[in-house]
Amino acid sequence: MEDPIESRGATPGSRGTGGGHGPGRPEDSVGMARGTVIEIRTYDARWPREFERVRAELTAALPRGVLAIHHVGSTSVPGLAAKPILDVLVGVPSFSPALRELRPALEGLGFTYRPDDDLPDRHYFPRTVAGLRRHHLSLAEPASRHYRNTLVFRDALRDDPALARRYEALKRHLAATVGTDRLAYLDGKTAFVHEVLDAYGGDVGRSARPH
């Protein structure tokens, strides 16, 4: 693990934070029950703090060899409304050994390995606390399509407020129409995600799936 671990949390000043919700414990800012209607919340200023809390937790628990811990997904874009679930991307030097070496520590933190994930270039570990899905964690090599696309998409939204507003409008529309159908919600975002990746140098393919 590089010392210190590289982190890409919310970039100060890149966009207005909006939303508010500053006071209170950061861990209370995330959590959505499985099987319920998809919820899109106004941006919560505690989301970057929750990422830093989780990052510190991971840094303390994971063995050396981790390359980077990134805050990704919509909660990582200042001002953007999002599902209240924090996405974390962990860079690892080698895909298969990473699962063997990191899985015990991650499971000790309450993350659950999902071997049936449909993205072949990541290891997926969601975490549910008190019945609420709070975190999605992915392990991937920096050269992988999933890793590169995830950062390209995040950075495009951070750099272009108008693009982020389009994405928010799409998400709110889908959440209002698909009910509890999460696959329909993801499918409804795919064309937009591909458009952004094409424009910003991503690699559209099987791993170009929205969060």
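Screening Thr180 on (1) modelled with pLDDT under 95; (2) under 16 Å from Arg41 (Cα atoms); (3) in contact with a helix residue (DSSP H, G or I) (Cβ under 8 Å, 6 or more places away or on another chain) shows it passes everything except condition (3). Taken together, the residues in the range 152-204 that are under 21 Å from Glu39 (Cβ atoms), outside any helix (DSSP H, G or I) and not acidic (Asp, Glu) amount to 2. Among the criteria (1) without any contact (Cβ under 8 Å) to a residue 24 or more places away in the chain; (2) closer than 28 Å to Val196 by Cα, the one Arg133 does not fulfil is (1). For Ser76, the requirement of being within 29 Å of Asp159 (Cβ to Cβ) and within 14 Å of the chain's Cα centre (by Cα) is met.
Listed here are the residues, each with its yes/no results for (1) among the hydrophobic types (A, V, I, L, M, F, W, C); (2) touching a Ser or Thr at 6+ places or on another chain (Cβ under 9 Å).
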position: Pro120; (1), (2): no, yes
position: Arg127; (1), (2): no, yes
position: Arg154; (1), (2): no, yes
position: Leu163; (1), (2): yes, no
position: Arg172; (1), (2): no, no
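The residue list Leu186, Leu174, Leu157 contains one member that is surrounded by fewer than 18 Cβ atoms within 10 Å (Cβ to Cβ) and under 21 Å from Ile40 (Cβ atoms), which is Leu186.
Any residue at all in the range 129-146 that is in a helix (DSSP H, G or I) and modelled with pLDDT of 95 or more? Yes, the range 129-146 has at least one match.
I'd like the full set of residues that are surrounded by 22 or more Cβ atoms within 10 Å (Cβ to Cβ) and farther than 23 Å from Ala143 by Cβ, limited to the range 86-110. Correct list: Leu86 only. Within the set Pro48, Pro84, the sole residue that is without any contact (Cβ under 8 Å) to a residue 40 or more places away in the chain, farther than 19 Å from Ser144 by Cβ and touching a Gly at 6+ places or on another chain (Cβ under 9 Å) turns out to be Pro48. Among the residues making up the range 49-75, those that are surrounded by 20 or more Cβ atoms within 10 Å (Cβ to Cβ), assigned to a helix (DSSP H, G or I) and in contact with a His (Cβ under 8 Å, 6 or more places away or on another chain) are Phe51, Val54, Ser74. In the range 108-127, the residues that are free of Cβ contacts under 8 Å to residues at least 60 places away in the same chain form Cβ pairs under 8 Å with partners that are among the acidic types (Asp, Glu) and assigned to a loop (DSSP other than H, G, I, E, B), at six or more places apart or across chains, as follows: His123/Asp117; Tyr124/Asp117. So for the range 86-93 (the condition being of a type in the set (A, V, I, L, M, F, W, C), more than 22 Å from Thr180 (Cβ to Cβ) and in a loop (DSSP other than H, G, I, E, B)), does at least one residue qualify? Checking the range 86-93: at least one residue is of a type in the set (A, V, I, L, M, F, W, C), more than 22 Å from Thr180 (Cβ to Cβ) and in a loop (DSSP other than H, G, I, E, B).
The values are calculated or read from the model by the stated rules, or taken from the named source; none is laboratory data. Everything quoted here is computed from the prediction, not taken from an experiment. Quick reminder, even Gly has a Cβ in these numbers, built from the backbone with ideal geometry, and neighbours come from all protein chains shown.
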